[in-house]
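Here's the structure we're looking at; comments come further down.
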Amino acid sequence: MQGIKQRVIRAIIAFVIFLIIFILEKTILINEYVVLSFCILAYLISGYDILLKALKNIRHGQVFDENFLMIIATIGAFAVKSYEEAVMVMVLYQVGEAFQDYAVNKSRNSISELVNLVPNEANLLKDGSLVVVEPEELNVNDEILVKVGEKVPVDGIIIEGESDLDVSALTGESKLRSVYLNDEVLAGSINKTGVLKLIVTKTFSNSAVAKILELVEEATAKKSKSENFIQKFAKIYTPIVVILALILGVIVPTIIYFINGNNLFNDYLFRACSFLVISCPCALVISVPLSFFGGIGASSKMGVLIKGSIYIEKLAKVDGIAFDKTGTLTKGEFIVKDVVSLNDSKENIIKYASYAEYYSNHPLALAIKKYSQKTLDLSQIKELKELAGYGIYLNLDDEIYLVGNHKLLEKYNLNCDYDDIANTHIYVANLTKVLGYIIFEDEVKKEAYSLINELNNLNINNTYMLTGDNLKTALSVKDKLNLKEVKANLLPENKVEALNELKKENQVLAYVGDGINDAPVLVASDIGISMGTFGSDVAIEASSVVIMDDDLEKIPLSIKLSRFVMKIVLANIIFAILVKLVVLVLATFGYANMWLAIFADVGVACLCILNALRTLYFVKKVNKK
C-alpha cells in the first residue's frame, strides 16, 4: 500500500496540470493534441500505479477488479475525446484511495497501539547486580526490577515495593491501579510511582501482553459472513458489469446502426464508460471490512478482545447468555464459613481436607489451606488422586479419605442425605461413612447485578447459570440476580449437554466462564466469552471474546458495540447499492455524465468510509454518557 502523502501529492500535481490545460483550452483555444498530451501526462502521474496493478493482476489471472474497471473506463473516455473526464476520474479515484488508506491506518493504529505495550528490555537481578536483557530471555522464578516509568516486561508477583500502574492499554481502565506486596502485575503495565521487585511467573511468550498481540493477529483473520459475502459478490459482480458495459457500448449501438443507420457509437461508448466507473464496488469492498476492523479496534480500547469480525456479527445477534458461577458471577474468593462434624472432630476434618487439597490451586483448596495454616507432614501421603468432577482420593498413612462433592459419596456408595445445604460445601469421608463437611462462603460480584439489568435493557432476557455447585447454592445466586434458569451439579461434560439443550431455545447463545473446566463449553457455545485477568490460559484460548480486566459490565458494552457496527455495515451496503443502481439506470439511458459517475463511485466510497470510521469513536461516545 502506497503512502497517503504520495497519493495526495500525485493527485495534486495531476490536478494542477489538468487545471492549467482546462484554463488554456477555454481562453486561447490551444491545439487538441496539446490538450491530449498534457491530459495523458496528468493521467499517468495520478494513475500509473493503477495501470501497473491492473496489468499485474491480469498476468496472474485476476482480471475483473476495480483497477481493471478504472483503466478500461478511463481509456474509453480518452477514446471518445472526453480527456478531462478521464483525468478527473483517475485523480478523484486516487483521492478516494488516499482517504481509504487513511481510514484503514486509523483503524489499524487503534489496534497496533497494543504493539507499543511490548517493552524492549528488562532489568534482571543476577548475583546482586542488574543485567539488562530482552524480555524473551527471562525465565520463571527470575527476579527483575521495574523502575519508575518503565513497562513491566513479563507477568510477575511483587516481592518488594509498591506502586501505581497504568494498565489502560491492557484493560481499558483509565485510572491507575495500586499494587502492593504479593500482588500480581501483568506485562505491558507502566510503572508510575515506585520501584518494584518482581519474581517472574510467566515467560514472555506466555505473558498477558504476548497473548493480547497473538489474539489481535488472529482477530484480523477471521472474517464475518458479511465480509465473505461482499468478497464473493465482487468476484461475480465485476465480470457481469464488464459484460453489460460491453453490450451497452458495442452491441446496442451496432443494433441501432443496422436498424436505422444512426451512428451513436461515441454516445454509447461514453455511457458504457460511465457505467463502468459507477459500478466499481469500492464502497462495499472497502467500507464493510473497515467497519469490522474499526469495531475490533474500538473493543480493544475498552479492554475487550474480539477475536474476529465473525464474532462481532454473532455478538450483535446474541439473545441468550449462560454463565459459570464461581469466579464469573461470584468473586471466587472463598472463605471457610463453618466446619460441620458428623462422625469425627472438626480438627480432623480440616486436617484431612488440607492434606487432600495441598497440591491444588482451586479456590476451595486455597480457602482450606488459609483456614488451616498448619504444617503438614507430606511423607504421610501414600497416594493422592484427583477424580475430575468428583474430588480427591487420599491415602493418608494407609487410611483412605474422600474429599469432594456428593457425586463422590455416591461413587463410593456412601450416604448422601446431607445435600440440602444452601452454601458451597465439600464432604470429608472415609470408605465407610461421612465424617463431616466444610461450608464455604462466596460473594456475588457487585457488577453482576448491573450486568443482568443491562442485558435486560438490551432485550436479552434469557440469562442462565451452569454450575458444578449444588442446587441450593445455585438457586440462592439465581434469586439474587433474577436469572431465568439454573442448572446445578454439573460435571464439565454435563455442562456441554446442558448448553446444547439451552441452544435449542436461543438463536445465538453465549457462554461466559473463566476456568479450565469451562473450555469445552466455551467452544460448544455460539460465542464464548472468557475472563482475561484471572481466567485460565485454556479458557482464553477456547473463547471468542476476552474481557481483559474481568469487568462483567463490558459484556453488554461489547454487545452494544457489535450492534452499532452491524448497523453501520447494513447502512453502507444498502446506501452503496441503492445509489449505484439509480445512477447505473440513469447512465444506461444517457442521463448521467461522468461527474455523476465519479460521485457514484468515489463519492459513495468516501461517505461509506466516513460512516465506517464512526466505529472507532464508539468508546468516546460511551464515555461521554
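Residue pairs whose Cβ atoms lie under 6 Å apart, separated by 6 or more positions or on different chains, with the first residue in the range 143-169 and over 21 Å from G128 (Cα atoms) and in contact (Cβ under 8 Å) with a residue 12 or more places away in the chain and the second open to solvent by 40 Å² or more (accessible area, probe 1.4 Å) and of a type in the set (D, E), are V167/E173.
Cβ-Cβ distances below 9 Å connect the following pairs, each with a first residue in the range 9-38 that is under 17 Å from F78 (Cα atoms), a second residue that is surrounded by fewer than 12 Cβ atoms within 10 Å (Cβ to Cβ) and of a type in the set (D, E), and a separation of six or more residues or different chains: E25/E32. Can you find a residue that is assigned to a helix (DSSP H, G or I), among the charged types (D, E, K, R) and open to solvent by less than 40 Å² (accessible area, probe 1.4 Å) anywhere in the range 305-317? For the range 305-317, residues assigned to a helix (DSSP H, G or I), among the charged types (D, E, K, R) and open to solvent by less than 40 Å² (accessible area, probe 1.4 Å): present. Once the range 367-380 is narrowed to residues that are in contact (Cβ under 8 Å) with a residue 12 or more places away in the chain and out of contact with any strand residue (DSSP E or B) (no Cβ under 6 Å at 6 or more places or on another chain), the residue that is least open to solvent (accessible area, probe 1.4 Å) is I368.
Looking only at the range 292-322, residues that are of a type in the set (F, W, Y) and closer than 17 Å to A524 by Cα come to 1 in all. Y449 passes every criterion in (1) aromatic (F, W, Y); (2) buried (at least 20 other Cβ atoms within 10 Å of the Cβ); (3) under 22 Å from D324 (Cβ atoms) apart from (2).
Return the total of residues in the range 354-372 being of a type in the set (S, T, N, Q) and out of contact with any Ser or Thr (no Cβ under 9 Å at 6 or more places or on another chain). The number of residues fulfilling the criteria is 2. Per the conditions (1) in a helix (DSSP H, G or I); (2) buried (at least 24 other Cβ atoms within 10 Å of the Cβ), the sole criterion not satisfied by A322 is (1). If you go through the range 384-398 one residue at a time, do you hit one that is assigned to a helix (DSSP H, G or I) and over 16 Å from D469 (Cα atoms)? Within the range 384-398, none of the residues are assigned to a helix (DSSP H, G or I) and over 16 Å from D469 (Cα atoms).
I want to confirm something. Restricting to the range 261-295 and keeping residues that are surrounded by fewer than 24 Cβ atoms within 10 Å (Cβ to Cβ) and of a type in the set (A, V, I, L, M), which single residue is modelled with the lowest pLDDT? It comes out as V285. Somewhere in the range 556-572, is a residue more than 20 Å from S300 (Cβ to Cβ), modelled with pLDDT of 80 or more and crowded, with 20+ Cβ neighbours inside 10 Å? Looking for residues that are more than 20 Å from S300 (Cβ to Cβ), modelled with pLDDT of 80 or more and crowded, with 20+ Cβ neighbours inside 10 Å, one finds at least one in the range 556-572, hence yes.
Residue check: is K351 of a type outside the set (D, E), farther than 26 Å from D518 by Cα and in contact with a Ser or Thr (Cβ under 8 Å, 6 or more places away or on another chain)?
When the stated conditions are applied, K351 passes them.
In the condition set (1) surrounded by fewer than 21 Cβ atoms within 10 Å (Cβ to Cβ); (2) touching a Phe, Trp or Tyr at 6+ places or on another chain (Cβ under 8 Å); (3) under 17 Å from E357 (Cβ atoms), T424 is compliant with all but (1).
Of the helices (runs of 4 or more DSSP H) that lie entirely inside the range 464-524, those containing 1 or more residues that are among the polar types (S, T, N, Q) span 471-481, 492-503. When you check V585 against the structure, is it open to solvent by 10 Å² or more (accessible area, probe 1.4 Å), modelled with pLDDT of 85 or more and closer than 30 Å to R271 by Cα, yes or no? The answer is yes for V585. Cβ separations smaller than 6 Å between residues 6+ apart or across chains give the following pairs from the range 514-530 residues that are surrounded by fewer than 24 Cβ atoms within 10 Å (Cβ to Cβ) to residues that are of a type in the set (A, V, I, L, M) and at pLDDT 75 or above: P520/V496; A524/V496; A524/L499; D526/V508; D526/L509.
Taking the range 179-196 as the range and being part of a strand (DSSP E or B) and either on the phi > 0 side of the Ramachandran plot or surrounded by fewer than 16 Cβ atoms within 10 Å (Cβ to Cβ) (or both) as the test, only E184 passes.
The values are calculated or read from the model by the stated rules, or taken from the named source; none is laboratory data. Source: prediction; values computed, not measured. Methodologically, a virtual Cβ is constructed for each residue, glycine included, from the backbone with ideal geometry; neighbour enumeration extends over all protein chains shown. Just so you know, the surface numbers come from the protein's heavy atoms only, side chains and all, with ligands and any DNA or RNA stripped out. Shrake-Rupley method; radii C 1.70, N 1.55, O 1.52, S 1.80 Å.
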